[in-house]
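To start, the structure itself, in structure tokens.
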Amino acid sequence: MTFEYAPAPESTSIVDIRPSYGLFIDGEFRDSIDGDTIKTINPATEEVLSEVVAAGPRDVAAAVEAARRAYQTGWGTMPGTERAKYLYRIARIIQERSRELAVLETIDNGKPIRESRDVDLPLVAAHFFYYAGWADKLSYAGFGPHPRPLGVAAQVIPWNFPLLMLAWKIAPALACGNTVVLKPAETTPLTALVFAEICQQADLPPGVVNIITGAGETGRHLVEHPDVDKIAFTGSTEVGRQIARAAAGTRKRLTLELGGKAANIVFDDAPLDQAVEGIVNGIFFNQGHVCCAGSRLLVQESIHDELLTALKRRISLLRLGDPLDKNTDIGAINSAAQLERIRALSEIGELEGAERWSAPCPLPDRGFWFPPTVFTGVSQAHRIAREEIFGPVLSVLTFRTPEEAVAKANNTPYGLSAGIWTEKGSRILWMADRLRAGVVWANTFNKFDPSSPFGGYKESGYGREGGRHGLEAYLAV
Ligand code: NAD
Ligand code: MN
């Protein structure tokens with residue numbers, strides 16, 4: 001049984017959302033030249049939060065021009081020790097404003113405050129601190145004695161970790177001496193706009209960071225702008241493919257961080273209670289809107305029934321509801337469109353013959369919600385075993401031998417992450433050697449650290465973010 005907790009809502013009085021925002025270009029907020037407007041909503045209530053610009057091609061050009069000027073008039077040649085000071089300052093302001101940013105992230109995105117407060121924001125600050133530390137040590141990073149920046153970086157990010165993806169993009173770019181134009185996702189622009197204010201607060205030279213809001217069209221204008229030297233994209237494999245096509249044959253350097261369909265592999269000697277926690281964290285963290293989510297559970301046949309019983313009992317205890325409540329485990333789905341995608345793929349799962357089970361939790365009347373769901377009896381041919389659902393839906397498959405586990409885990413067009421649960425260290429190493437995944441977790445899942453590189457194989461994209469490896473994407477090496 002779930003205990004009834006008294007509501008513990010986080011106050012929203014700390015955030016001050018303006019009715020509308022301009023574009024952050026050349027160090028100031030400006031009206032759009034040729035853009036449109038879009039509204040961003042709170043997905044937990046469907047309430048309109050604010051109106052932002054959908055930047056047009058001339059807006060995009062103005063931002064790229066500002067970034068170019070800032071690159072040429074100082075940032076690109078500034079000593080690393082000086083760039084580091086700005087990055088440390090930004091990191092400290094993020095820490096000071098972290099409660100405000102966490103609340104705003106939760107309101108705009110729908111993720112539980114417990115996650116934005118305890119995971120997203122600490123990682124955002126850590127990322128800036130980490131790359132601030134590299135800014136004056138690039139000569140020792142293994143890319144030659146004086147590695148040079150690339151120039152102007154066009155960065156397009158998704159809605160699942162709005163501020164964290166911004167940090168992953170902006171911190172290494174600036175540390176290496178590049179200037180940036182970043183486009184947040186259309187459903188989650190607000191924390192990026194507060195980040196623009198933080199750049200002002202940190203006295204960052206104008207044009208070093210430019211934030212332009214908008215949807216896919218704005219993103220396309222940005223990545224296709226001829227004066228961009230580098231494109232960094234995180235999002236769907238489909239859009240990633242379009243961008244790769246557009247960048248082919250140009251001088252632009254490209255890194256892509258795309259989807260995933262990670263296997264979380266549980267052997268019969270694994271500590272089951274811990275594995276259950278890891279499976280839950282693997283697929284229900286952030287409503288499953290995680291590219292490295294453990295969306296395919298591969299369980300050794302002999303413990304299938306025991307593990308599934310324990311897993312369903314645990315999932316039944318998850319609390320779904322108001323993302324601002326500090327007791328909430330599962331927040332809102334980010335958008336009506338994403339909810340529709342999750343519903344459609346789940347229906348296909350049933351039609352193809354897998355058995356569907358959902359936690360018996362009531363869903364709020366307003367907003368976008370999907371209960372934590374488990375499909376058993378899934379075969380490798382099922383679409384729910386092959387396609388990224390990007391929601392709180394787990395597909396369960398079985399295996400008998402480690403060889404079979406490896407074969408099934410690798411039987412996917414993706415290759416971003418994997419998890420292994422076993423008591424045997426030798427088996428962890430044997431498996432990790434054979435799994436085609438950029439990140440392999442052992443007896444844990446969804447652990448992130450700025451010093452650890454992250455990225456994929458195959459259709460999960462190319463290039464690494466984080467760690468020393470993450471510098472390479474922003475240096476002319
Ligand atoms: P998307 O790829 O359409 O959007 C990601 C970002 O790219 C957004 O900022 C969007 O405005 C921008 N964009 C869209 N079209 C563009 C174009 N032609 N040129 C340049 N930028 C463009 O992703 P989505 O529609 O929000 O989600 C669809 C699916 O993508 C999800 O169901 C999920 O499977 C996957 N996804 C993966 C990640 C990830 O972290 N790897 C993140 C979000 C979504
Ligand atoms: Mn929103």
Practice problem: Would you please name the residue that is nearest to ligand 1 (Cβ to nearest atom), looking only at residues in the stretch 330-353 that are open to solvent by less than 40 Å² (accessible area, probe 1.4 Å), touching a Phe, Trp or Tyr at 6+ places or on another chain (Cβ under 8 Å) and under 27 Å from Lys39 (Cα atoms)? | Solution: Gln338
Quiz item: Which members of the stretch 165-187 meet the condition of being more than 16 Å from ligand 2 (Cβ to nearest atom) and part of a helix (DSSP H, G or I)?
Solution: Ala167, Trp168, Lys169, Ile170, Ala171, Pro172, Ala173, Leu174, Ala175
Quiz item: Which residue pairs have Cβ atoms under 6 Å apart, sit 6 or more places apart or on different chains, and have a first residue in the stretch 464-477 that is closer than 16 Å to Pro145 by Cα and a second that is among the aromatic types (Phe, Trp, Tyr)?
Solution: Leu475/Phe143; Val477/Phe143
Quiz item: Could you say whether any residue in the stretch 356-368 is surrounded by fewer than 21 Cβ atoms within 10 Å (Cβ to Cβ) and in a helix (DSSP H, G or I)?
Solution: no
Exercise. Could you please tell me which pairs satisfy a Cβ distance under 6 Å, a separation of 6+ or placement on different chains, a first residue in the stretch 185-203 that is in the same structural domain as Lys39 (by TED's automatic domain parsing), and a second residue that is buried (at least 24 other Cβ atoms within 10 Å of the Cβ) and among the charged types (D, E, K, R)?
Key: Thr188/Asp108; Leu190/Asp108; Thr191/Glu105
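If we keep just the residues of the stretch 455-469 that are part of a loop (DSSP other than H, G, I, E, B) and either of a type in the set (A, V, I, L, M) or open to solvent by 70 Å² or more (accessible area, probe 1.4 Å) (or both), which is farthest from ligand 2 (Cβ to nearest atom)? Spell out the reasoning first.
Going through the stretch 455-469, the residues part of a loop (DSSP other than H, G, I, E, B) turn out to be 455-457, 463-464, 466-468.
Among the residues that remain, those that are also either of a type in the set (A, V, I, L, M) or open to solvent by 70 Å² or more (accessible area, probe 1.4 Å) (or both) are: 457, 468.
Working: Tyr457: 32, Arg468: 34 Å.
If we take residues in the stretch 455-469 being part of a loop (DSSP other than H, G, I, E, B) and either of a type in the set (A, V, I, L, M) or open to solvent by 70 Å² or more (accessible area, probe 1.4 Å) (or both), then Arg468 is farthest from ligand 2 (Cβ to nearest atom).
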Quiz item: Out of (1) within 16 Å of ligand 2 (Cβ to nearest atom); (2) on the phi > 0 side of the Ramachandran plot, the odd one out for Gly321 is which?
Solution: (1)
Quiz prompt | Criterion: touching a helix residue (DSSP H, G or I) at 6+ places or on another chain (Cβ under 8 Å) and free of Cβ contacts under 8 Å to residues at least 60 places away in the same chain - qualifying residue of Ala175, Ala132 | solution = Ala132
Exercise. Within the stretch 178-197, work out how many residues are touching a helix residue (DSSP H, G or I) at 6+ places or on another chain (Cβ under 7 Å) and within 16 Å of ligand 1 (Cβ to nearest atom).
Key: 11
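The values are calculated or read from the model by the stated rules, or taken from the named source; none is laboratory data. Keep in mind it's a predicted model, so treat the numbers as computed, not measured. Note that each Cβ is placed from the backbone with ideal geometry, even for glycine, and that neighbours are counted across all protein chains shown. What goes into the accessible areas is simple: the full protein's heavy atoms, side chains included, and nothing from ligands, DNA or RNA. Shrake-Rupley method; radii C 1.70, N 1.55, O 1.52, S 1.80 Å.
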